[in-house]
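Below is one structure, written out as structure tokens; the observations come after it.
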Amino acid sequence: MLKLALVGLGASGLFCLEELAGQNVEVHVFDVGPTYNKRYPCPIDQGKLEVCPPKACSYCAPGQSAGSWNDFKVILSASPVIGGRLYDLVGEKVLQEHLDKLKRLILEHAPVNIPVVKPNQDDLDWIKQRATFAGMTYHYQELLHCGSDNAPAINTSILNQIVEKGPNIIFHWDTKVVSVARRQEKFAVISDSYRKPGAEQEELFDFCIMSVGRGGANWLTQQEFYKSLDISPGQVDIGVRVETSCYFTEEVDKRFYEPKLYYLTRRSNDVVRNFCSNPKGFVTPENHREYVLVNGHSKMYEKSENNNFAVLVSKTFTRPFKNPQQYSQHIAKVTNMLAGGGPLIQRLGDLRSGRRTKTLVNNLIKPSLEAECGDISLAYPHRILEGIVEYLDALDKICPGVAGESTLLYAPEVKSYPDSIVVSKNMETNIPNLYIIGDSSSWTRGVGQAATSGMLAGQGVGFKLKDLGPLEKKSLQPVNTKQESASNAIPVEVTINNAS
């Protein structure tokens, strides 16, 4: 039987696996995280910790800070602008068909009824008029917001179904892939224990699917095969997490939950956009071991009095610069250095005045995350901050109060992507049988299109298996599942034995 390595089990990897389950190929899944039943809610949210541990915990470790675990917001509209670039790759019809399939799968496995947020014509007229007056562009979307508290149950249920359908799948949990290299027509995957390294193993595979997410973008560039890919310089998004009163944004929140509003800066013509809005949500740290970012999430049941969202400035570099990921990570590390190792927080009024925030006592907006007060302008380029302030001033015309002095800015919030990799419509690179999916491909920027890219790759492998004709069956060790009582709002849990 042919063998396939799937590296990473975020949204793209999980829905790729759903397509591969039951196929006549031996699938080995490598993921740095533990089994799903050991993935728990954020300990800071639970009140067990006040700050992140020195190393990333299982909530925000690589592979588990994916969008399908943190907030789980899915854009359901086939858009040429929002959520990625698959619209350009496969077309509107194919993209919408896969997004519809994704919606059905998520709703089938959801433990509660999750409504689809879809604006009506009155709401569209309302936002288009106000966006035009503000000098912004609104992009239509339908949205499915599952919430961080429902994410474990949904992911676990989907994986359970995959396990039942796929005796051809072997899982390697708590396993880090050290490197992937070509050996003639095969791929050599060297792996090791993530938490207790020291026992590296090498195995050869006929197919390799890389699903390492934004967090693995820099790692991807260091692999032996990378220099043989057909690529062009990629994009980075550099910005802040904005936290303001939910009363300032409630008119927009009740109509759209998360409107996609784009803005072009006056002097630099940079694209600035909002991302990951969390009405009545919480700001959270995201520990990447070498640096700590900020993110945001919201829950189905627990609410705050704030709204938080990212404001990001998109930058695409040209030659001779070739390291956009390192550029964004450098900004993150400098920000952490100023904050003593964690996130930095500043009042918008202080940023405008060119002074450091020293205290948030008596500030109108109460922070949902404890962070070090400081001056973001000491770490961020002036051009980036200028674009962020311009964006908030424009947004204030739609949501009065958002650009007030008490609004809080958290840094660093950066999204780094790999270089733009040329792929086929099934996400196969110019290297035969090597697929790169999800945000690590540079083609997606959210759960919806990331999951779609995984489906496309799984289908592409299926097409090749059919062309090869019947293969010799190989007896695999069955994957064991165990149903246990739920805790932390996880109705179904799965324990999967490692196999080598």
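Readers should treat all values here as calculations from the given coordinates under stated rules, not as data from a laboratory. This one's a predicted model, so the numbers in the text were calculated from it and none came from an experiment. Cβ sites come from the backbone with ideal geometry, for glycine too, and all protein chains shown count toward neighbours.
Observations on the structure shown:
- Only lysines eight or more places from Lys93 in sequence, or on another chain, were considered; those with a Cα closer than 16 Å are Lys101, Lys103, Lys425.
- Counting every other Cβ atom within 10 Å of each residue's Cβ, Trp219, Trp126, Trp69 order from fewest to most as Trp126, Trp219, Trp69.
- Lysine pair count for region 235-416 with Cα-Cα distance under 20 Å and sequence separation of 8 or more or different chains is 19.
- For region 344-456, the Stokes-Einstein estimate of translational diffusion at 37 °C and a viscosity of 0.692 mPa s comes to 193 µm²/s, using the Kirkwood hydrodynamic radius over alpha-carbon pairs.
- Order of Ile431, Ile75, Ile345 - criterion: other Cβ atoms within 10 Å of each residue's Cβ, fewest first: Ile431, Ile75, Ile345
- Number of Lys pairs (Cα under 28 Å; 8 or more positions apart or on different chains) in region 122-237: 7
- Kyte-Doolittle at least 0.0, axis length at least 27 Å by Cα - qualifying DSSP helices, the chain: 447-468
- Relative contact order (%) - criterion: Cα under 8 Å, at least six apart; region: region 235-416: 34
- What the Cα convex hull of region 235-416 gives, in volume per residue, is 114 Å³.
- Region 94-167-region 374-412 distance, computed between alpha-carbon centres (Å): 28
- Theoretical FRET efficiency, 1/(1+(r/R0)^6), r = Cβ-Cβ of Arg266 and Thr318, R0 22 Å, to 0.05: 0.50
- Counting every pair of alpha carbons in the chain, the share spaced more than 43 Å apart comes to 13 percent.
- Order of Thr316, Thr407, Thr359 under a 10 Å beta carbon neighbour criterion, fewest first: Thr359, Thr316, Thr407
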